Every structure is written in C-alpha cells, then in structure tokens.
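The structure appears below as structure tokens.
The values are calculated or read from the model by the stated rules, or taken from the named source; none is laboratory data. On a predicted model such as this, the values are computed, not experimentally measured, just so you know. With ideal geometry, Cβ positions are generated from the backbone for all residues, glycine too; neighbour counts draw on all protein chains shown.
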Amino acid sequence: SRAEEHDLAYFFNSDELRGYFPTRDMLSFSRPILEALGLVPEGGIAYDGERKPGKVSDGFSVPLDPPLRPGLSIYTVGSVRDYGHFLGSLAQALSYMYTEREDYAEFRWLRDACLESVFDSLFRNLVYEPKWLAKYLRVDEGGDFRRLLGLRRLMSARYAAGLLIYEADLLKNSETESMPEHYVRVLSAALHCRIDADGYLGLLTGLSHPSPVFRGAAAAPMLSNYLKEKFDEEWWRVPDVGEFLKGLWRDGGRITFEELSAKTVEMPCGADYLRQAIEEEID
C-alpha cells in the first residue's frame, strides 16, 4: 500500500467520525453513565482535562492513593479515540476505587495487567455499541458509519496483534541492530501501510505493553457477551452489573485474569472471538 501510518490515523479520526464524537468535559459526560450502573465513587476522581505543553491526548489513569483517590488525565481533540481512551481509563480508575480499603497495600496498589486490560477494553468498546451510542451520544446511524467504526476496531486489533508479535521477537533477540527493519516488516504486514522505523522502541516506553493489551482486547468481547446474557443486552445501564463489577474489583490485586475467567466465562487467549465480533460489525 502507498498509505503511511499517519494517513491511517488521520482516516480513522477524520470528519466522517469526528462530528459524532465532539470535544467536551469528559468527566461530566461520564456522570449519567456511572449513575446508571450505580458506580458513582464517593470521593470523586482527580481529573485533569486541560491541554498543556508536552501532554499527549491519550487518556490514562493512575492510582494516587487507592482506593480513595485515583487520577485520570486526558485532553480531547474531538474523535472516537478520545472516547475510547477516556472510557478505558475510567474503568481502570473505578477498579481501584472499589478495592477493599483495609486490604494490604500490595493488593490495593498492584494489579494483574491482563485483568486490568480486560476492564479497560470492556468500557472502551462501548463506543462500538449501537444502543450505547444512541443513548449517550444521540448517534443512531447504521450503514457506512457502523462499517467505518467496525473497520477502525479491526485495524486497532491488527495493530495490537502486530505489536505483540514484534514485542516477543524483540525480547528474545539480542541482536537489536536488525529490529528497526523487523518492526517495519511486522507492522506493515499488520496494517497494510508504510511504517516509520523510528518507532521500533516505542512500545518499551509506554504505560502499557502489547501482551496484556492484546489479551484484554481479545477477552473483553466474551465478558461483554457474558454480561448481556446474565443481565441485559444493554448491561451498561443495569445497576446489578455495577454491583457485580464492584464484587470483582473489591479483591484488587488478589484477583487474576484466570480467576476472572473462572468466576465469569472462559476467556479466550487468542483472537477468534474478537475477530467474530468485529466481522459482525462490518458485515
């Protein structure tokens, strides 16, 4: 393909989607979503939504003093990416806020990264749910809009898979001189576009790493389907789901990805179920 990586990023945040996902105060936007689930935290969330020099638009949350005080940082530019990052970060913040307060510090502060990624992806994927979009963003579109969202989700999954493959190769290869070329080869195959070799060490400097991100993305659709079958097709508006999530989050660092699977539904390690969910959106 003649397209470059930045062309792909621009396309998936272009005007075709941007108008449906406006810039706003995301914390205020989230309030009715949390109220519907019964997940309104007592002490609130320390929120930084201002644009500052050196600050990236990607959302992230940090446990400032779990469970009493999580922090969430983002600034929005008006895109579906904003909403996905915010919702995923919000889920991570909530998971800390509902941790047992009297537990040992290591269980309040530390988490299974794969488990954290599952909840991140579960909330992040709400931007692909038609009924959620209709309720909270007043978006009731089908056809090309839905297919474009599905295509965006597909390419995000391919990017995560490509990074996972590259990370595994990078960590087992002591001859790092060849890695920029290998990075270009793997990511170009995953995204069908030209890749800049300068990013070949970028995944080592981020707040998250490809392995848990991919496992969370692969498992979240299965957990979402479990919630739909156990509670309601629109699980995000059911208070009992909030209570269910609180029960999982209460254990903090004591619960693992495998234990979540045992308590809910068998979580896939591969991408078959994720691929099926995306194909249904695109078809």
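From the list L154, L133, which residue is surrounded by fewer than 19 Cβ atoms within 10 Å (Cβ to Cβ) and either among the aromatic types (F, W, Y) or assigned to a helix (DSSP H, G or I) (or both)?
Going through L154, L133 in turn, the sole match is L154.
Can you name the condition, by its number, that S188 falls short on among (1) of a type in the set (S, T, Y); (2) touching a Leu at 6+ places or on another chain (Cβ under 7 Å); (3) without any contact (Cβ under 8 Å) to a residue 24 or more places away in the chain?
Result: S188 fails condition (2) only.
Matching residues to (1) farther than 30 Å from F12 by Cα; (2) under 19 Å from the mean Cα position of the chain (by Cα); (3) of a type in the set (A, V, I, L, M):
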{"site": "P53", "(1), (2), (3)": "no, no, no"}
{"site": "L64", "(1), (2), (3)": "yes, no, yes"}
{"site": "Y83", "(1), (2), (3)": "no, yes, no"}
{"site": "E102", "(1), (2), (3)": "yes, no, no"}
{"site": "E141", "(1), (2), (3)": "no, no, no"}
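What's the total number of residues in region 231-259 that are of a type in the set (A, V, I, L, M, F, W, C) and outside any helix (DSSP H, G or I)?
Of the residues in region 231-259, 3 are of a type in the set (A, V, I, L, M, F, W, C) and outside any helix (DSSP H, G or I).
Select from region 260-283 the residues that are of a type outside the set (S, T, Y), more than 30 Å from R101 (Cα to Cα) and part of a helix (DSSP H, G or I) and list them in ascending order. Talk me through it step by step, then tell me what you get.
Within region 260-283, the subset of a type outside the set (S, T, Y) is 260, 262-263, 265-272, 274-283.
Narrowing the set further to residues that are more than 30 Å from R101 (Cα to Cα) leaves 268-272, 274-283.
If the condition is that a residue be of a type outside the set (S, T, Y), more than 30 Å from R101 (Cα to Cα) and part of a helix (DSSP H, G or I), then D272, L274, R275, Q276, A277, I278, E279, E280, E281, I282 are the ones that fit.
When you check R237 against the structure, is it crowded, with 21+ Cβ neighbours inside 10 Å, among the charged types (D, E, K, R) and touching a residue at least 24 places away in the same chain (Cβ under 8 Å), yes or no?
Considered against the rule, which asks whether it is crowded, with 21+ Cβ neighbours inside 10 Å, among the charged types (D, E, K, R) and touching a residue at least 24 places away in the same chain (Cβ under 8 Å), R237 comes out as no.
Could you go through region 251-259 and let me know if any residue there is surrounded by 14 or more Cβ atoms within 10 Å (Cβ to Cβ), touching a helix residue (DSSP H, G or I) at 6+ places or on another chain (Cβ under 6 Å), at positive phi and modelled with pLDDT under 95.
Within region 251-259, one or more residues are surrounded by 14 or more Cβ atoms within 10 Å (Cβ to Cβ), touching a helix residue (DSSP H, G or I) at 6+ places or on another chain (Cβ under 6 Å), at positive phi and modelled with pLDDT under 95.
Output the residues belonging to region 13-69 that are among the aromatic types (F, W, Y) and either at pLDDT below 75 or touching a Gly at 6+ places or on another chain (Cβ under 7 Å) (or both).
As a first pass, look at region 13-69 and keep what is among the aromatic types (F, W, Y): 20-21, 29, 47, 60.
The answer is F21, and nothing else.
Any chance you could count how many residues in region 133-158 are at pLDDT below 90 and either aromatic (F, W, Y) or on the phi > 0 side of the Ramachandran plot (or both)?
Number of matching residues: 2.
Looking at region 211-225, can you tell me whether even one residue there is closer than 30 Å to E102 by Cβ, among the basic types (K, R) and not in a loop (DSSP other than H, G, I, E, B)?
No, region 211-225 contains no residue that is closer than 30 Å to E102 by Cβ, among the basic types (K, R) and not in a loop (DSSP other than H, G, I, E, B).
If L223 meets every condition in (1) at pLDDT below 95; (2) crowded, with 19+ Cβ neighbours inside 10 Å; (3) under 21 Å from the mean Cα position of the chain (by Cα) apart from one, which number is that one?
Only one criterion in (1) at pLDDT below 95; (2) crowded, with 19+ Cβ neighbours inside 10 Å; (3) under 21 Å from the mean Cα position of the chain (by Cα) is unmet by L223, namely (1).
Residues in region 160-168: is at least one among the acidic types (D, E) and either over 22 Å from the mean Cα position of the chain (by Cα) or within 21 Å of A277 (Cβ to Cβ) (or both)? Reasoning before the result, please.
First, the residues of region 160-168 that are among the acidic types (D, E): 167.
Subsequent filtering for residues that are either over 22 Å from the mean Cα position of the chain (by Cα) or within 21 Å of A277 (Cβ to Cβ) (or both) retains none.
No, there is no match, as no residue in region 160-168 is among the acidic types (D, E) and either over 22 Å from the mean Cα position of the chain (by Cα) or within 21 Å of A277 (Cβ to Cβ) (or both).
Considering only region 157-185, state which residues are without any contact (Cβ under 8 Å) to a residue 12 or more places away in the chain and either within 21 Å of A9 (Cα to Cα) or in contact with a Pro (Cβ under 7 Å, 6 or more places away or on another chain) (or both).
Answer for region 157-185, where residues must be without any contact (Cβ under 8 Å) to a residue 12 or more places away in the chain and either within 21 Å of A9 (Cα to Cα) or in contact with a Pro (Cβ under 7 Å, 6 or more places away or on another chain) (or both): just R185.
Looking at region 166-178, which of the residues that are buried (at least 17 other Cβ atoms within 10 Å of the Cβ) and of a type outside the set (D, E, K, R) is modelled with the highest pLDDT?
Y166
Considering only region 55-67, I want to know if a residue exists there that is out of contact with any helix residue (DSSP H, G or I) (no Cβ under 9 Å at 6 or more places or on another chain), aliphatic (A, V, I, L, M) and over 25 Å from F244 (Cα atoms).
The answer is yes, given that some residue of region 55-67 is out of contact with any helix residue (DSSP H, G or I) (no Cβ under 9 Å at 6 or more places or on another chain), aliphatic (A, V, I, L, M) and over 25 Å from F244 (Cα atoms).
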